[in-house]
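Student: First the structure, which I've put down as structure tokens, then a few questions once you've had a look.
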Amino acid sequence: MTAAPMWQTWLFVWAAIVAIVATLVFEPDLTTQALVLAPFVAVFGLPHGALDLPISEALWPLRGWRAKALFSCLYLGISGLVVLLWIAFPGPSLAAFLIYSAVHFSGDWIDDAVALRWSGGAAAIGAPAVFHHDDVARIFGYLAPERTATLTATGLAMVGGAALLAFSAMLLVQPAMRTRAATEQAAIWIAAALLTPLLYFIVYFCALHSVRHTVGTVAVLKNAKKAVLTAAALAAITALAAVASIMFLNDGNAGSSVQSISQTIFIGLAALTVPHMALVDQFQRRKNRLSAAL
């Protein structure tokens, strides 16, 4: 395994510092935070998921437009099913989204010890709820019924608190765990404490998760330039679809803007993450087999 470059850690740390300073200076309200969230996720977050088509071409012989169209229909079909399930069962869908997101985000430390992988996945999802329970519950209220949203935020805070205790104990008892992964996770906890949940999500998702996945994937694809251009085109199409969704859901007032942006981004991410996780898992296994053979 090749460890992630050191500059990724510094990028994340400095992004967190800049965001914390900007928050202290400007004190953005929830509407402003949502308006910042949308373009950042579109520009810096979506491209890493848009690499899924190049990943699929590396995994399987998708020759010709029919094979690519079939894969795209299957991918979007799974995503559409997730959206329908969310509409029908918003509470369980929110809980499931948080669980599989934690599993997915743990992959940011795939080359580290299992304990650090799982503490990282739990921190990425649970840290904001530990420090900003009411704000997280409010955002969840845009995605699920209010009572379910509050209970989910409370459960997430408990999971996050347990993860923080385990992480702290692990560093105290096992000095060998004081690695760069531990530094990044410490930065996650500090950022989650000092930033609002939406701004924290921007920093983590865009400056660490997306960057790490994009760089790691492009590095092993045979035709990196074609993959990047394909990802950029798909990300642009997805961003335009998101804008259309936000405009459709928005009725013009500030509260509706936050709700429409939150629903579009988080339910959209939930829908895309399911097939994305399946592909990334297969791709990671392929990389592991190739590494073992060398």
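The values are calculated or read from the model by the stated rules, or taken from the named source; none is laboratory data. All values reported here derive from a predicted model rather than from experimental measurement. Glycine gets a Cβ as well: all are built from the backbone with ideal geometry, and neighbour counts include every protein chain shown.
Student: Out of curiosity, is Met247 modelled with pLDDT of 80 or more and surrounded by fewer than 20 Cβ atoms within 10 Å (Cβ to Cβ)?
Tutor: Numbers: modelled with pLDDT of 80 or more: no; surrounded by fewer than 20 Cβ atoms within 10 Å (Cβ to Cβ): yes.
Here the answer is no, as Met247 does not meet what is asked.
Student: I've got another one for you. Mind checking which pairs have a first residue in the range 262-284 that is more than 18 Å from Ile99 (Cβ to Cβ) and a second that is charged (D, E, K, R) and surrounded by 20 or more Cβ atoms within 10 Å (Cβ to Cβ), Cβ under 7 Å, 6 or more apart or different chains?
Tutor: Leu279/Asp52
Student: Still on this structure, please answer the following. For the range 42-65, indicate whether the set of residues that are basic (Lys, Arg) and more than 30 Å from Leu172 (Cβ to Cβ) is non-empty.
Tutor: First, pick out the residues of the range 42-65 that are basic (Lys, Arg): 63.
Filter again for more than 30 Å from Leu172 (Cβ to Cβ), leaving 63.
Yes, there is a match, as at least one residue in the range 42-65 is basic (Lys, Arg) and more than 30 Å from Leu172 (Cβ to Cβ).
Student: Tell me the helices (runs of 4 or more DSSP H) entirely within the range 122-199 that contain at least 2 residues that are over 28 Å from Ile267 (Cβ atoms).
Tutor: Correct list: 146-173, 180-194.
Student: Still on this structure, I have one more. Within the range 115-130, track down each residue that is crowded, with 20+ Cβ neighbours inside 10 Å and closer than 18 Å to Gly155 by Cα.
Tutor: Of everything in the range 115-130, those that are crowded, with 20+ Cβ neighbours inside 10 Å and closer than 18 Å to Gly155 by Cα turn out to be Ser119, Gly120, Gly121, Ala122, Ala123, Ala124, Ile125, Gly126, Ala127, Pro128, Ala129, Val130.
Student: Further question on the same structure: If I ask for residues that are surrounded by fewer than 17 Cβ atoms within 10 Å (Cβ to Cβ) and within 20 Å of the chain's Cα centre (by Cα), which ones from the range 37-76 would you list? Talk me through it step by step, then tell me what you get.
Tutor: Narrowing the range 37-76 to residues surrounded by fewer than 17 Cβ atoms within 10 Å (Cβ to Cβ): 39, 43, 59-61, 63-70, 72-74, 76.
Within the range 37-76, Pro39, Val43, Leu76 qualify.
Student: Could I ask something else about it? Just checking, which of Thr196, Thr150 is buried (at least 19 other Cβ atoms within 10 Å of the Cβ) and either modelled with pLDDT of 95 or more or under 29 Å from Phe283 (Cβ atoms) (or both)?
Tutor: Only one candidate qualifies: Thr196.
Student: From the list Asp112, Asp108, exactly one residue is acidic (Asp, Glu), touching a helix residue (DSSP H, G or I) at 6+ places or on another chain (Cβ under 9 Å), surrounded by 14 or more Cβ atoms within 10 Å (Cβ to Cβ) and not in a helix (DSSP H, G or I). Which is it?
Tutor: It is Asp112.
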